[in-house]
Amino acid sequence: MTRIRMALWGSLVVLTGLWLLADTLWPQPFGYFPFRTVFMQYSGVIAFGAMTISMVLATRPKWLERPLDGLDKMYRLHKWLGITALVTSVVHWWWAQGTKWMVGWGWLVRPARGPQGGPGRDGAMTLEHWLRTQRGLAESLGEWAFYAALILMVLALIKRFPYHWFARTHKWLAAAYLVLAWHTLVLFKYDYWSQPIGWVMALMLVAGTVSAVLVLLRKVGAGRKVEGTVESLRYFEPLQVLRTSIRMQPGWKGHQAGQFAFVQGARDLAHPFTMASSWDPVRQTIVFVTKALGDHTSQLHEVLREGDTVTVEGPYGCFTFDDDKPRQIWIGAGIGITPFIARMQQMARDPEARKVKVDLFHPTADYDENAIAMLEADALAAGVRLHVLVDKRDGLLTGERMRQAVPDWEDASFWFCGPTAFGRALRADFVGKGIRASDFHQELFAMR
(Lines give C-alpha, C1' and ligand atoms only; values in the text may rest on other atoms or scores of the structure.)
Protein backbone atom coordinates (compact mmCIF):
# COMPACT_ATOMS: atom_id res chain seq x y z
CA MET A 1 0.00 0.00 0.00
CA THR A 2 2.94 2.34 0.64
CA ARG A 3 3.95 2.30 -3.01
CA ILE A 4 0.36 2.98 -4.07
CA ARG A 5 0.15 6.02 -1.81
CA MET A 6 3.52 7.30 -2.99
CA ALA A 7 2.54 6.88 -6.65
CA LEU A 8 -0.86 8.53 -6.13
CA TRP A 9 0.27 11.51 -4.11
CA GLY A 10 3.57 11.79 -5.96
CA SER A 11 1.83 12.14 -9.34
CA LEU A 12 -0.53 14.80 -7.95
CA VAL A 13 2.31 16.73 -6.30
CA VAL A 14 4.44 16.62 -9.46
CA LEU A 15 1.57 17.86 -11.64
CA THR A 16 0.77 20.59 -9.12
CA GLY A 17 4.41 21.68 -8.90
CA LEU A 18 4.84 21.83 -12.66
CA TRP A 19 1.62 23.81 -13.04
CA LEU A 20 2.70 26.28 -10.32
CA LEU A 21 5.91 26.88 -12.27
CA ALA A 22 3.71 28.12 -15.10
CA ASP A 23 0.90 29.92 -13.26
CA THR A 24 -0.54 30.83 -9.87
CA LEU A 25 -3.73 30.31 -7.89
CA TRP A 26 -3.49 33.92 -6.65
CA PRO A 27 -3.82 36.03 -9.82
CA GLN A 28 -3.52 39.79 -9.61
CA PRO A 29 -5.81 41.60 -9.39
CA PHE A 30 -7.58 38.85 -7.45
CA GLY A 31 -11.27 38.27 -8.14
CA TYR A 32 -13.82 35.59 -8.87
CA PHE A 33 -13.30 35.43 -12.63
CA PRO A 34 -9.48 35.70 -12.61
CA PHE A 35 -9.39 32.91 -10.00
CA ARG A 36 -11.88 30.86 -11.99
CA THR A 37 -9.67 31.13 -15.07
CA VAL A 38 -6.56 29.75 -13.38
CA PHE A 39 -8.44 27.22 -11.23
CA MET A 40 -10.15 25.78 -14.30
CA GLN A 41 -6.71 25.20 -15.83
CA TYR A 42 -5.30 23.67 -12.63
CA SER A 43 -8.26 21.39 -11.93
CA GLY A 44 -8.29 20.34 -15.58
CA VAL A 45 -4.62 19.38 -15.39
CA ILE A 46 -5.16 17.30 -12.24
CA ALA A 47 -8.32 15.60 -13.54
CA PHE A 48 -6.83 14.80 -16.94
CA GLY A 49 -3.51 13.71 -15.42
CA ALA A 50 -5.22 11.30 -13.01
CA MET A 51 -7.43 9.92 -15.78
CA THR A 52 -4.45 9.47 -18.10
CA ILE A 53 -2.35 7.54 -15.61
CA SER A 54 -5.40 5.43 -14.80
CA MET A 55 -5.92 4.76 -18.52
CA VAL A 56 -2.29 3.70 -18.98
CA LEU A 57 -2.59 1.32 -16.00
CA ALA A 58 -5.70 -0.20 -17.63
CA THR A 59 -3.46 -1.62 -20.38
CA ARG A 60 -1.71 -3.77 -17.73
CA PRO A 61 1.85 -2.60 -18.58
CA LYS A 62 4.25 -5.32 -17.49
CA TRP A 63 7.14 -2.90 -16.95
CA LEU A 64 5.29 -1.18 -14.10
CA GLU A 65 4.58 -4.35 -12.12
CA ARG A 66 7.85 -4.51 -10.20
CA PRO A 67 7.99 -0.79 -9.27
CA LEU A 68 4.35 -0.86 -8.11
CA ASP A 69 4.54 -4.32 -6.48
CA GLY A 70 2.27 -6.19 -8.86
CA LEU A 71 -0.79 -5.78 -11.04
CA ASP A 72 -3.10 -6.18 -8.04
CA LYS A 73 -1.57 -3.01 -6.55
CA MET A 74 -1.67 -1.31 -9.95
CA TYR A 75 -5.42 -1.89 -10.16
CA ARG A 76 -5.85 -0.43 -6.68
CA LEU A 77 -3.92 2.64 -7.87
CA HIS A 78 -6.08 2.65 -11.03
CA LYS A 79 -9.17 2.78 -8.83
CA TRP A 80 -7.94 5.64 -6.63
CA LEU A 81 -6.74 7.65 -9.61
CA GLY A 82 -10.20 7.15 -11.10
CA ILE A 83 -11.80 8.46 -7.93
CA THR A 84 -9.41 11.42 -7.96
CA ALA A 85 -10.32 12.15 -11.59
CA LEU A 86 -14.01 11.83 -10.72
CA VAL A 87 -13.87 14.29 -7.82
CA THR A 88 -11.68 16.87 -9.56
CA SER A 89 -13.77 16.60 -12.74
CA VAL A 90 -16.93 17.36 -10.80
CA VAL A 91 -15.24 20.40 -9.23
CA HIS A 92 -13.94 21.48 -12.65
CA TRP A 93 -17.41 21.07 -14.16
CA TRP A 94 -19.02 23.10 -11.38
CA TRP A 95 -16.70 26.06 -11.85
CA ALA A 96 -17.47 25.98 -15.56
CA GLN A 97 -21.19 25.27 -15.54
CA GLY A 98 -22.07 26.78 -12.16
CA THR A 99 -20.55 30.09 -13.16
CA LYS A 100 -22.66 30.19 -16.32
CA TRP A 101 -25.77 29.52 -14.24
CA MET A 102 -24.90 32.26 -11.76
CA VAL A 103 -24.32 34.74 -14.59
CA GLY A 104 -27.70 33.77 -16.04
CA TRP A 105 -29.37 34.24 -12.64
CA GLY A 106 -27.80 37.68 -12.34
CA TRP A 107 -25.64 36.73 -9.36
CA LEU A 108 -22.42 37.44 -11.27
CA VAL A 109 -21.47 39.83 -14.05
CA ARG A 110 -19.06 38.39 -16.58
CA PRO A 111 -16.24 40.81 -17.48
CA ALA A 112 -15.74 41.79 -21.10
CA ARG A 113 -13.44 39.45 -23.02
CA GLY A 114 -10.01 40.79 -23.96
CA PRO A 115 -8.70 40.79 -27.52
CA GLN A 116 -8.44 37.35 -29.05
CA GLY A 117 -5.54 36.18 -31.17
CA GLY A 118 -6.20 36.17 -34.89
CA PRO A 119 -4.49 35.11 -38.10
CA GLY A 120 -0.83 36.00 -38.60
CA ARG A 121 0.37 39.04 -40.52
CA ASP A 122 0.38 37.14 -43.79
CA GLY A 123 -3.25 36.12 -43.28
CA ALA A 124 -2.35 32.50 -42.42
CA MET A 125 -4.19 31.02 -39.48
CA THR A 126 -1.87 30.33 -36.55
CA LEU A 127 -2.19 27.18 -34.43
CA GLU A 128 -3.26 29.27 -31.45
CA HIS A 129 -6.01 30.95 -33.43
CA TRP A 130 -7.20 27.63 -34.87
CA LEU A 131 -7.43 26.13 -31.38
CA ARG A 132 -9.51 29.12 -30.30
CA THR A 133 -11.96 28.44 -33.12
CA GLN A 134 -12.49 24.94 -31.67
CA ARG A 135 -13.28 26.08 -28.12
CA GLY A 136 -17.06 25.96 -28.42
CA LEU A 137 -17.07 22.44 -29.87
CA ALA A 138 -14.47 21.24 -27.35
CA GLU A 139 -16.52 22.63 -24.44
CA SER A 140 -19.75 20.98 -25.64
CA LEU A 141 -18.17 17.61 -26.38
CA GLY A 142 -16.22 17.72 -23.13
CA GLU A 143 -19.37 18.37 -21.12
CA TRP A 144 -21.20 15.35 -22.60
CA ALA A 145 -18.12 13.15 -22.27
CA PHE A 146 -17.92 14.20 -18.61
CA TYR A 147 -21.52 13.10 -18.03
CA ALA A 148 -20.83 9.72 -19.67
CA ALA A 149 -17.60 9.22 -17.71
CA LEU A 150 -19.33 10.22 -14.47
CA ILE A 151 -22.00 7.53 -14.93
CA LEU A 152 -19.47 4.85 -15.90
CA MET A 153 -17.13 5.62 -12.98
CA VAL A 154 -19.98 5.62 -10.46
CA LEU A 155 -21.19 2.26 -11.79
CA ALA A 156 -17.66 0.88 -11.43
CA LEU A 157 -17.69 1.80 -7.73
CA ILE A 158 -21.01 0.06 -7.04
CA LYS A 159 -20.10 -3.46 -5.92
CA ARG A 160 -23.64 -4.73 -6.54
CA PHE A 161 -23.37 -3.83 -10.21
CA PRO A 162 -22.82 -7.26 -11.88
CA TYR A 163 -19.24 -7.96 -12.94
CA HIS A 164 -20.14 -8.91 -16.52
CA TRP A 165 -21.95 -5.59 -16.99
CA PHE A 166 -19.09 -3.73 -15.32
CA ALA A 167 -16.57 -5.35 -17.68
CA ARG A 168 -18.66 -4.54 -20.74
CA THR A 169 -19.40 -0.92 -19.84
CA HIS A 170 -16.14 0.08 -18.20
CA LYS A 171 -14.18 -0.10 -21.45
CA TRP A 172 -16.31 2.74 -22.86
CA LEU A 173 -14.49 5.06 -20.50
CA ALA A 174 -11.73 4.85 -23.11
CA ALA A 175 -14.05 6.48 -25.67
CA ALA A 176 -14.98 9.21 -23.19
CA TYR A 177 -11.27 9.69 -22.51
CA LEU A 178 -10.52 10.34 -26.19
CA VAL A 179 -13.16 13.09 -26.26
CA LEU A 180 -11.78 14.59 -23.05
CA ALA A 181 -8.27 14.45 -24.54
CA TRP A 182 -9.52 16.62 -27.41
CA HIS A 183 -11.22 18.90 -24.88
CA THR A 184 -7.91 19.23 -23.00
CA LEU A 185 -5.83 19.82 -26.12
CA VAL A 186 -8.05 22.70 -27.25
CA LEU A 187 -8.69 24.38 -23.90
CA PHE A 188 -5.25 23.98 -22.32
CA LYS A 189 -3.71 27.45 -22.02
CA TYR A 190 -1.59 27.95 -25.12
CA ASP A 191 1.32 29.57 -23.26
CA TYR A 192 1.72 26.43 -21.14
CA TRP A 193 2.85 24.29 -24.09
CA SER A 194 6.34 25.88 -24.08
CA GLN A 195 6.83 25.08 -20.39
CA PRO A 196 7.48 21.83 -18.46
CA ILE A 197 3.79 21.35 -17.62
CA GLY A 198 3.04 21.54 -21.34
CA TRP A 199 5.70 18.96 -22.19
CA VAL A 200 4.28 16.56 -19.60
CA MET A 201 0.72 17.14 -20.80
CA ALA A 202 1.79 16.45 -24.40
CA LEU A 203 3.39 13.18 -23.28
CA MET A 204 0.24 12.22 -21.36
CA LEU A 205 -1.97 13.03 -24.34
CA VAL A 206 0.03 10.64 -26.51
CA ALA A 207 0.29 7.86 -23.88
CA GLY A 208 -3.35 8.15 -22.88
CA THR A 209 -4.62 8.20 -26.46
CA VAL A 210 -2.59 5.12 -27.40
CA SER A 211 -3.81 3.33 -24.26
CA ALA A 212 -7.45 4.21 -24.93
CA VAL A 213 -7.21 2.92 -28.50
CA LEU A 214 -5.70 -0.36 -27.25
CA VAL A 215 -8.59 -0.77 -24.81
CA LEU A 216 -11.23 -0.06 -27.46
CA LEU A 217 -9.60 -2.45 -29.95
CA ARG A 218 -9.37 -5.15 -27.23
CA LYS A 219 -5.61 -5.34 -27.63
CA VAL A 220 -4.78 -5.21 -23.92
CA GLY A 221 -2.38 -8.04 -23.07
CA ALA A 222 -2.47 -9.31 -26.66
CA GLY A 223 1.15 -10.44 -26.54
CA ARG A 224 0.61 -12.45 -23.35
CA LYS A 225 -2.41 -14.53 -24.42
CA VAL A 226 -2.16 -18.26 -25.01
CA GLU A 227 -4.96 -20.73 -25.64
CA GLY A 228 -5.50 -23.82 -23.52
CA THR A 229 -7.91 -26.72 -23.21
CA VAL A 230 -9.89 -27.61 -20.10
CA GLU A 231 -8.44 -30.96 -19.09
CA SER A 232 -10.41 -31.73 -15.91
CA LEU A 233 -12.98 -30.20 -13.57
CA ARG A 234 -13.76 -31.02 -9.94
CA TYR A 235 -16.44 -29.22 -7.95
CA PHE A 236 -16.35 -29.24 -4.15
CA GLU A 237 -20.02 -28.69 -3.29
CA PRO A 238 -19.66 -27.86 0.46
CA LEU A 239 -17.07 -25.19 -0.36
CA GLN A 240 -18.68 -24.00 -3.61
CA VAL A 241 -15.21 -24.26 -5.10
CA LEU A 242 -14.27 -25.40 -8.60
CA ARG A 243 -10.85 -26.89 -9.41
CA THR A 244 -10.03 -26.53 -13.11
CA SER A 245 -7.00 -27.98 -14.85
CA ILE A 246 -6.05 -26.42 -18.19
CA ARG A 247 -3.49 -27.87 -20.60
CA MET A 248 -1.68 -24.98 -22.26
CA GLN A 249 -0.71 -24.81 -25.91
CA PRO A 250 2.87 -23.88 -26.89
CA GLY A 251 3.64 -20.25 -26.13
CA TRP A 252 3.05 -20.11 -22.38
CA LYS A 253 6.43 -19.13 -20.91
CA GLY A 254 5.66 -20.36 -17.43
CA HIS A 255 4.86 -18.57 -14.20
CA GLN A 256 5.94 -18.29 -10.60
CA ALA A 257 3.89 -19.62 -7.72
CA GLY A 258 1.64 -16.87 -6.39
CA GLN A 259 0.99 -15.18 -9.73
CA PHE A 260 -2.40 -14.88 -11.43
CA ALA A 261 -3.82 -14.76 -14.94
CA PHE A 262 -6.92 -13.60 -16.81
CA VAL A 263 -8.99 -16.49 -18.16
CA GLN A 264 -11.59 -16.09 -20.89
CA GLY A 265 -13.88 -18.72 -22.35
CA ALA A 266 -15.63 -18.62 -25.70
CA ARG A 267 -18.84 -17.22 -24.20
CA ASP A 268 -17.66 -14.99 -21.38
CA LEU A 269 -15.34 -12.14 -20.47
CA ALA A 270 -11.80 -12.31 -19.12
CA HIS A 271 -11.71 -12.78 -15.35
CA PRO A 272 -8.63 -12.81 -13.07
CA PHE A 273 -7.80 -15.97 -11.12
CA THR A 274 -4.78 -16.92 -9.02
CA MET A 275 -2.98 -19.99 -10.34
CA ALA A 276 -3.09 -22.85 -7.83
CA SER A 277 -0.22 -24.76 -9.41
CA SER A 278 3.43 -24.16 -10.10
CA TRP A 279 4.62 -24.46 -13.68
CA ASP A 280 5.83 -27.86 -14.82
CA PRO A 281 7.26 -27.61 -18.37
CA VAL A 282 6.72 -31.35 -18.83
CA ARG A 283 2.99 -31.48 -18.00
CA GLN A 284 2.28 -27.88 -19.20
CA THR A 285 -0.92 -27.53 -17.21
CA ILE A 286 -2.28 -24.75 -15.03
CA VAL A 287 -4.72 -25.35 -12.19
CA PHE A 288 -7.20 -22.68 -11.09
CA VAL A 289 -9.24 -22.97 -7.90
CA THR A 290 -12.24 -20.61 -7.95
CA LYS A 291 -14.95 -19.94 -5.38
CA ALA A 292 -18.51 -18.83 -6.13
CA LEU A 293 -18.28 -15.22 -4.99
CA GLY A 294 -20.13 -13.37 -7.74
CA ASP A 295 -22.32 -13.65 -10.81
CA HIS A 296 -19.50 -15.04 -12.97
CA THR A 297 -17.83 -17.48 -10.56
CA SER A 298 -21.14 -18.80 -9.20
CA GLN A 299 -22.09 -20.11 -12.66
CA LEU A 300 -18.66 -21.31 -13.73
CA HIS A 301 -19.11 -24.95 -12.67
CA GLU A 302 -22.34 -25.10 -14.70
CA VAL A 303 -21.08 -23.59 -17.96
CA LEU A 304 -17.49 -24.86 -18.14
CA ARG A 305 -16.95 -28.29 -19.72
CA GLU A 306 -13.97 -30.57 -20.26
CA GLY A 307 -12.56 -29.99 -23.73
CA ASP A 308 -13.55 -26.30 -23.81
CA THR A 309 -10.99 -23.90 -25.26
CA VAL A 310 -10.05 -20.93 -23.11
CA THR A 311 -7.60 -18.05 -23.44
CA VAL A 312 -5.16 -17.43 -20.59
CA GLU A 313 -3.43 -14.04 -20.34
CA GLY A 314 -0.50 -13.52 -18.04
CA PRO A 315 1.23 -14.17 -15.79
CA TYR A 316 0.84 -11.14 -13.54
CA GLY A 317 1.63 -10.30 -9.94
CA CYS A 318 4.60 -10.05 -7.57
CA PHE A 319 3.23 -12.17 -4.71
CA THR A 320 6.06 -14.64 -5.35
CA PHE A 321 7.57 -15.35 -1.90
CA ASP A 322 10.87 -13.67 -2.71
CA ASP A 323 12.81 -12.54 0.35
CA ASP A 324 15.88 -13.44 2.41
CA LYS A 325 14.09 -14.45 5.61
CA PRO A 326 14.87 -17.89 7.09
CA ARG A 327 11.21 -18.31 8.07
CA GLN A 328 7.92 -17.44 6.43
CA ILE A 329 4.40 -17.36 7.85
CA TRP A 330 1.61 -17.75 5.32
CA ILE A 331 -2.04 -16.88 5.88
CA GLY A 332 -4.43 -18.18 3.22
CA ALA A 333 -7.93 -17.21 4.33
CA GLY A 334 -10.72 -19.05 2.51
CA ILE A 335 -10.11 -19.09 -1.24
CA GLY A 336 -6.95 -17.07 -0.53
CA ILE A 337 -5.26 -20.45 -0.08
CA THR A 338 -4.64 -20.77 -3.84
CA PRO A 339 -1.20 -19.07 -4.17
CA PHE A 340 0.11 -21.17 -1.29
CA ILE A 341 -0.99 -24.40 -2.97
CA ALA A 342 1.10 -23.39 -5.99
CA ARG A 343 4.10 -22.53 -3.82
CA MET A 344 3.92 -25.84 -1.94
CA GLN A 345 3.92 -27.76 -5.21
CA GLN A 346 6.98 -25.82 -6.28
CA MET A 347 8.72 -26.54 -2.96
CA ALA A 348 7.95 -30.23 -3.27
CA ARG A 349 10.01 -30.36 -6.49
CA ASP A 350 12.77 -27.98 -5.36
CA PRO A 351 14.87 -29.04 -2.34
CA GLU A 352 16.49 -25.58 -2.23
CA ALA A 353 13.10 -23.92 -1.66
CA ARG A 354 12.41 -26.24 1.28
CA LYS A 355 15.27 -24.69 3.27
CA VAL A 356 12.90 -21.93 4.37
CA LYS A 357 10.81 -22.91 7.40
CA VAL A 358 7.14 -22.27 6.70
CA ASP A 359 3.94 -22.27 8.77
CA LEU A 360 0.70 -22.05 6.80
CA PHE A 361 -2.49 -20.88 8.52
CA HIS A 362 -5.71 -21.66 6.68
CA PRO A 363 -8.74 -20.14 8.42
CA THR A 364 -11.99 -21.06 6.69
CA ALA A 365 -15.71 -20.86 7.34
CA ASP A 366 -16.39 -24.00 5.27
CA TYR A 367 -14.94 -27.49 5.55
CA ASP A 368 -14.60 -30.29 3.03
CA GLU A 369 -12.51 -33.28 4.07
CA ASN A 370 -11.47 -34.09 0.48
CA ALA A 371 -10.17 -30.57 -0.14
CA ILE A 372 -8.37 -30.51 3.22
CA ALA A 373 -6.84 -33.93 2.50
CA MET A 374 -5.37 -32.55 -0.74
CA LEU A 375 -4.05 -29.51 1.13
CA GLU A 376 -2.47 -31.70 3.81
CA ALA A 377 -0.78 -33.83 1.15
CA ASP A 378 0.69 -30.72 -0.52
CA ALA A 379 1.92 -29.41 2.85
CA LEU A 380 3.53 -32.75 3.74
CA ALA A 381 5.34 -32.98 0.40
CA ALA A 382 6.64 -29.41 0.78
CA GLY A 383 7.68 -29.71 4.41
CA VAL A 384 5.22 -26.99 5.45
CA ARG A 385 3.57 -27.01 8.88
CA LEU A 386 -0.16 -26.62 8.26
CA HIS A 387 -2.68 -25.08 10.68
CA VAL A 388 -6.32 -25.47 9.59
CA LEU A 389 -8.85 -23.47 11.58
CA VAL A 390 -12.55 -23.91 10.90
CA ASP A 391 -14.36 -20.85 12.26
CA LYS A 392 -17.23 -22.65 14.01
CA ARG A 393 -14.98 -25.33 15.48
CA ASP A 394 -11.76 -23.49 16.29
CA GLY A 395 -12.73 -19.83 16.52
CA LEU A 396 -11.19 -16.96 14.59
CA LEU A 397 -7.52 -16.62 13.73
CA THR A 398 -5.76 -13.76 15.54
CA GLY A 399 -2.24 -12.44 15.68
CA GLU A 400 -1.89 -13.71 19.23
CA ARG A 401 -2.83 -17.28 18.22
CA MET A 402 -0.22 -17.15 15.45
CA ARG A 403 2.48 -15.89 17.83
CA GLN A 404 1.72 -18.72 20.22
CA ALA A 405 1.92 -21.29 17.42
CA VAL A 406 5.15 -19.86 15.96
CA PRO A 407 7.48 -18.74 18.79
CA ASP A 408 10.15 -17.38 16.41
CA TRP A 409 7.66 -15.23 14.48
CA GLU A 410 9.90 -12.17 14.83
CA ASP A 411 12.35 -13.73 12.36
CA ALA A 412 9.65 -14.32 9.73
CA SER A 413 8.16 -12.56 6.77
CA PHE A 414 4.39 -12.70 6.41
CA TRP A 415 2.46 -13.52 3.25
CA PHE A 416 -1.30 -12.92 3.32
CA CYS A 417 -4.01 -13.62 0.77
CA GLY A 418 -7.66 -13.26 1.73
CA PRO A 419 -10.20 -10.61 2.74
CA THR A 420 -8.61 -7.16 2.61
CA ALA A 421 -9.88 -5.98 6.00
CA PHE A 422 -8.64 -9.15 7.71
CA GLY A 423 -5.20 -8.70 6.20
CA ARG A 424 -5.12 -5.05 7.19
CA ALA A 425 -5.96 -5.97 10.79
CA LEU A 426 -3.26 -8.66 10.98
CA ARG A 427 -0.73 -6.30 9.43
CA ALA A 428 -1.49 -3.59 12.00
CA ASP A 429 -1.26 -6.18 14.81
CA PHE A 430 2.16 -7.49 13.80
CA VAL A 431 3.59 -4.09 12.90
CA GLY A 432 2.45 -2.94 16.33
CA LYS A 433 4.44 -5.85 17.80
CA GLY A 434 7.60 -4.76 16.04
CA ILE A 435 7.86 -6.31 12.56
CA ARG A 436 8.68 -4.07 9.63
CA ALA A 437 5.72 -3.12 7.46
CA SER A 438 7.72 -4.21 4.40
CA ASP A 439 7.87 -7.76 5.80
CA PHE A 440 4.08 -8.15 5.61
CA HIS A 441 3.12 -8.95 2.01
CA GLN A 442 -0.56 -8.76 1.11
CA GLU A 443 -2.17 -9.54 -2.21
CA LEU A 444 -4.95 -7.04 -2.99
CA PHE A 445 -6.94 -9.32 -5.26
CA ALA A 446 -9.76 -6.95 -6.24
CA MET A 447 -9.96 -5.75 -9.82
CA ARG A 448 -12.64 -3.09 -9.25
(message) Show me the trypsin sites (Lys or Arg not before Pro) within the stretch 183-288 that DSSP assigns to loop and that have at most 13 other Cβ atoms within 10 Å of their Cβ.
(response) 218, 219, 253, 267, 283
(request) Give the accessible surface of the chain per residue, rounded to a whole number of Å², with probe radius 1.4 Å and ligands, DNA and RNA excluded. (result) 50 Å²
(message) Could you tell me the calculated FRET efficiency between residue 165 and residue 249, based on Cβ-Cβ distance and R0 = 35 angstrom, to the nearest 0.05?
(response) 0.70
(message) Taking θ = phi - 60°, what integer Hz values does the Karplus form 6.51 cos²θ - 1.76 cosθ + 1.60 yield along the stretch 397-413, in sequence order, with x for Gly and Pro?
(response) 6, 10, x, 5, 5, 5, 5, 5, 6, 10, x, 9, 4, 5, 8, 9, 9
(message) Given R₀ = 45 Å, what would the calculated FRET efficiency be for residue 130 paired with residue 421, taking r from the Cβ atoms and rounding to 0.05?
(response) 0.25
(message) What whole-number distance in Å separates the alpha-carbon centres of the stretch 179-236 and the stretch 129-149?
(response) 20 Å
(request) Over the chain, calculate the relative contact order: mean separation of alpha carbon pairs under 8 Å at least 6 apart, over the residue count, as a percent. (result) 14 percent
(message) Testing the spin-label approximation: label points 7 Å from Cα along Cα→Cβ at residue 39 and residue 195. State their distance in nm.
(response) 1.9 nm
(request) May I have the convex hull volume per residue, in Å³, for the Cα set of the stretch 132-173? (result) 54 Å³
(message) Averaging over every viewing direction, what projected area does the convex hull of the Cα atoms of the chain cover, in nm²?
(response) 26.8 nm²
(request) On the protein heavy atoms, probe 1.4 angstrom, tell me the percent of accessible surface of the stretch 126-231 carried by carbon and sulfur. (result) 69 percent
(request) Compute the distribution of all C-alpha to C-alpha distances in the stretch 229-295, in bins of 5 Å from 0, and list the percent of pairs in each, rounded to whole numbers. (result) 3, 15, 26, 29, 17, 7, 2, 0
(request) Considering the options 39, 213, 14, tell which one lies farthest towards the positive end of the dipole of the chain, charges being +1 on Lys and Arg and -1 on Asp and Glu at the Cβ, about the Cα centre. (result) 39
(request) Pop the C-beta distance of residue 391 and residue 113 into the FRET formula with R0 = 60 Å and round what comes out to the nearest 0.05. (result) 0.30
(message) Students often forget the sequence filter, so: which aspartates and glutamates lie under 13 Å Cα-Cα from residue 392 once same-chain residues fewer than 8 apart are removed?
(response) 366
(message) Over the stretch 313-392, what is the relative contact order in percent, taking alpha-carbon pairs closer than 8 angstrom and at least six residues apart?
(response) 33 percent
(request) Straight distance only, please: which lysines reach the Cα of residue 62 with their own Cα at less than 20 Å, same-chain residues fewer than 8 apart left out? (result) 73, 79, 171, 219, 225, 253
(request) Please work out the Cα convex hull volume for the stretch 155-301 and give it in Å³ per residue. (result) 152 Å³
(message) Averaging over every viewing direction, what projected area does the convex hull of the Cα atoms of the stretch 266-405 cover, in nm²?
(response) 10.2 nm²
(request) Mind giving me the nanometre distance, one decimal, between the label points for residue 410 and residue 350, set 7 Å out from Cα along Cα→Cβ? (result) 3.0 nm
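The values are calculated or read from the model by the stated rules, or taken from the named source; none is laboratory data. Computed from a predicted model, the values in this text were never measured in an experiment. A quick note on method: Cβ atoms are made from the backbone with ideal geometry, for glycine too, and the neighbour counts reach across all protein chains shown. Remember, those area values only see protein heavy atoms, side chains included, never the ligands or the DNA or RNA. Shrake-Rupley method; radii C 1.70, N 1.55, O 1.52, S 1.80 Å.
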